[in-house]
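Report on one structure; see the data block that follows.
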Amino acid sequence: MTTLGALYLIPNTLGDDDRTAQLPWVLPSETIAQAAKLKHWIVEDAKTARALLKAIDAVSPLACTIQEMQMSEWRGAARNAKYGDLVKPADLLKPLLAGNDMGLMSEAGVPGVADPGAELVLAAHKLGAQVKPLVGPSSILLGLMASGLNGQSFVFQGYLPQETQERSAKLKQLEVESRKAQQTQIWIETPYRNTAMLMACLNALAPQTLLCLGVDLSLPSEMITTLSIADWRKRYPSEAACASLQNRPTVFLLLA
């Protein structure tokens, strides 16, 4: 009887800066060494996966060339179906059944957190395969660690609504929930909407509410700042004033 392979959850870097330079700061040597051994991969984006593997190869030689690896893309069942791709998680995990270890890699950060990889992890559990999470950067935890906000009670909200009125209503709801439970509320945004999100916060939230922005986490350009909404309004009185935040990966954290 063939022993099932294990599914290794391989963290990726948080930015597109030189990944070889980033690796010593964001991935432990054991994570790098294990990733270098794997020949079977499921990735969110093949281009970013190959970029990380190329950087890993410079530190710990890969077991085979990137071209020889079996690499499948998975962007989530709903998103795949939208583009006519009806492949199921179990189909992608077939190498596990043959006894091969596999790697699951997010486009950025850790698999399964703000990432479609959770569907594959659940499918691996249903197969009875071992799931092995490896240590690496999570913008959510890095932001929380550095925010000074409540790290004992917090909720990650994913993405907030894009429509202006719905987004403002959601922010006010999160503020009420935070104040009631003394709970940090965390969310992320598509980088090109950063300034719109910040302006929405400044317009919708109470002056005394604390807001943290974790920008370019783990990168040389990293900026982490916690201020009251009143102080953020002084710093960024208009959308044009906060243009420097645009197109930079950002985590938003709120405590009322």
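Overview of results
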quantity	calculated
nm² value of the averaged projected area, convex hull over the Cα atoms of the stretch 134-191	4.9 nm²
For the stretch 44-178, diffusion coefficient by Stokes-Einstein and Kirkwood Rh (Cα), 10 °C, 1.306 mPa s, µm²/s	90 µm²/s
Neighbour-limited loop hits for chymotrypsin sites (Phe, Trp or Tyr not before Pro), the stretch 31-136 (at most 15 other Cβ within 10 Å; DSSP other than H, G, I, E, B)	Tyr83
Separation in nanometres of the label points that stand 7 Å from Cα toward Cβ, at Ser221 and Thr190	1.9 nm
Span from the the stretch 59-77 Cα centroid across to the the stretch 172-193 one, whole angstrom	36 Å
Segment Ala33-Asp91, length gained on full extension (0.36 nm per residue, minus Cα span)	18.2 nm
Hz values of 3J(HN,Hα) by residue in the stretch 208-216 - Karplus curve (6.51, -1.76, 1.60), Gly and Pro given as x	8, 5, 8, 10, 10, 10, x, 10, 6
Integer Hz, Karplus 6.51/-1.76/1.60 couplings in order for the stretch 165-182, x for Gly and Pro	5, 5, 5, 4, 5, 5, 4, 5, 5, 5, 5, 4, 5, 5, 5, 5, 9, 6
For the stretch 4-51: accessible area per residue (Å², 1.4 Å)	42 Å²
Computed helical MRE - 222 nm, the chain, DSSP H runs ≥ 4 contributing -39500 (n - 2.57), nearest 500	-11000 deg cm²/dmol
DSSP-defined beta bridges in the stretch 1-115 - what % are antiparallel, rounded to 5	10 percent
1.4 Å probe accessible area per residue over the stretch 54-153, in Å²	54 Å²
The stretch 204-230 versus the stretch 134-170: alpha-carbon centroid distance in Å	11 Å
Fraction of antiparallel bridges per DSSP, the stretch 139-243 only, in percent to nearest 5	60 percent
Gyration tensor verdict on the stretch 95-140 (Cα atoms; rounded if a/c is under 1.5, prolate if a/b is larger than b/c, oblate otherwise)	prolate
Gained length - Met145 relative to Ala181, 0.36 nm times residue gap less alpha-carbon distance	11.0 nm
Relative contact order of the chain, pairs being alpha-carbon contacts under 8 Å that are 6 or more residues apart, as %	22 percent
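The values are calculated or read from the model by the stated rules, or taken from the named source; none is laboratory data. Everything numeric in this text was worked out from a predicted model, so none of it was measured. In this analysis, Cβ positions are derived from the backbone assuming ideal geometry, glycine residues included, and neighbour counts consider all displayed protein chains. The accessibility values were calculated without ligands, DNA or RNA, using every heavy atom of the protein model including side chains. Shrake-Rupley method; radii C 1.70, N 1.55, O 1.52, S 1.80 Å.
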